[in-house]
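The values are calculated or read from the model by the stated rules, or taken from the named source; none is laboratory data. On a predicted model such as this, the values are computed, not experimentally measured, just so you know. All Cβ positions, glycine included, derive from the backbone under ideal geometry; neighbour counts span all protein chains shown. The area values use the complete protein model at the heavy-atom level, side chains included, leaving out ligands, DNA and RNA. Shrake-Rupley method; radii C 1.70, N 1.55, O 1.52, S 1.80 Å.
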Amino acid sequence: MAADDAAKEFELTFRFYSLLNDFLPVWKRQKEIKKAFGKHTTLKDAIESFGVPHTEIGLILCNSLPASFEQKVIEGALVSVFPHFKTIDIGKLAPILFERPKQFKFILDVHLGTLARYLRLLGFDTLYNNTYSDAQLADIAYAEERILLTRDPGLLKRKKVKQGYFVRAIEPRLQAIEILREFHLKENLSPFGRCLRCNGLLQSVNKVEIKNVVPPKVCEIHNSFLKCQCCAKIYWPGSHYHRMKSLVLWLQIHAY
């Protein structure tokens, strides 16, 4: 009897709202879905079995009552799953709470190298290394309290990932706009403060100190230089700088 009881499955009805439907097959979107689970299954595991990462979820209602990820499934329950609310303050309604970070720090997966450069250009602490494994990405995100940005929904299902976001856009500029809007970052921009290559902080440096590092002609033309405090790369306001400045302006304009 005990074994039979442990194997018993409960059928529940799920409904996913708004952008959470992005993770569902077309034929399951915007409709109620019935599925059976073992009695000890948590709502987190049940929801993620549909392909929806827990980091994308802002509110779960089980039979119209707020529920947590750890709550076990209830036979016959109607489970309504909502994304994060951006324009409505739901206060303490939801047991799922994500505090807005005081300082935005990101780590990006292998598919988002150009986006990483754009975020660094805008001044955000952004880790990226195309050799990181999924486990390393999750471990670093957890240890350093970073927001994990990825194009892989499965990566966001890892338990160690507390804050993450699935990037919908494909083109890097649109990805940057998406992140600025998603996390309301327009007021947090600090362009040209980080090294595009390694993420280190940039600091003004006297021309005399780097005259043997940069081409002589560059020293003749320019007087303003920045040096990365990590990799020692030198930056100056050449033609590339002006292209980057135009990109920053474009991103700022479209960040609303």
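Tabulated data
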{"quantity": "FRET efficiency, 1/(1 + (r/R0)^6) with R0 25 Å, evaluated for Asn188 and Asp152 via beta carbons", "calculated": "0.45"}
{"quantity": "Cα gyration tensor of the stretch 202-255 - equivalent ellipsoid semi-axes, whole Å, descending", "calculated": "25, 13, 8"}
{"quantity": "Spacing of the two label points (7 Å from each Cα toward its C-beta) at Cys198 and Lys31, in nm", "calculated": "5.5 nm"}
{"quantity": "Within the chain, longest stretch clear of exposed trypsin sites (Lys or Arg not before Pro) (DSSP loop, no more than 14 other Cβ within 10 Å)", "calculated": "103-158"}
{"quantity": "Relative contact order [Cα under 8 Å, 6+ residues apart], the stretch 202-255, whole percent", "calculated": "31 percent"}
{"quantity": "Equivalent ellipsoid semi-axes - Cα gyration tensor, the stretch 6-51, angstrom", "calculated": "22, 10, 8"}
{"quantity": "Ser68, Ser239, reordered so the largest accessible area comes first (probe 1.4 Å)", "calculated": "Ser239, Ser68"}
{"quantity": "Among Trp250, Phe166, Asn21 the positive-end extreme of the charge dipole of the chain (Cβ point charges)", "calculated": "Trp250"}
{"quantity": "Between helix 172-182 and the chain: long-axis angle, C-alpha atoms, 0 to 90°, nearest 10", "calculated": "60 degrees"}
{"quantity": "Rg in Å to one decimal, and Dmax rounded to a whole Å, for the stretch 105-183 via C-alpha atoms", "calculated": "11.2, 30"}
{"quantity": "His40-Ser18 FRET efficiency (beta carbon distance; Förster radius 35 Å; 0.05 resolution)", "calculated": "0.75"}
{"quantity": "Surface accessible to a 1.4 Å probe, Val26 within the full protein complex, Å²", "calculated": "110 Å²"}
{"quantity": "Reciprocal of mean inverse Cα separation for the chain (Kirkwood radius, Å)", "calculated": "20.8 Å"}
{"quantity": "Accessible heavy-atom area order of Glu209, Glu182, Glu144, Glu75, highest first, probe of 1.4 Å", "calculated": "Glu209, Glu75, Glu144, Glu182"}
{"quantity": "Angle between the chain longest axis and helix 134-143 axis [Cα atoms, degrees, rounded to 10]", "calculated": "80 degrees"}
{"quantity": "His242 accessible area, 1.4 Å probe, all protein chains in place, Å² to nearest 10", "calculated": "100 Å²"}
{"quantity": "P(r) weight above 20 Å for the stretch 9-93, C-alpha pairs, percent", "calculated": "27 percent"}
{"quantity": "Test item: Cα-centred dipole of the stretch 202-255, Lys/Arg +1 and Asp/Glu -1 on Cβ, debye", "calculated": "60 debye"}
{"quantity": "About the Cα centre, charge dipole magnitude for the stretch 112-256 (Lys/Arg +1, Asp/Glu -1 at Cβ), debye", "calculated": "160 debye"}
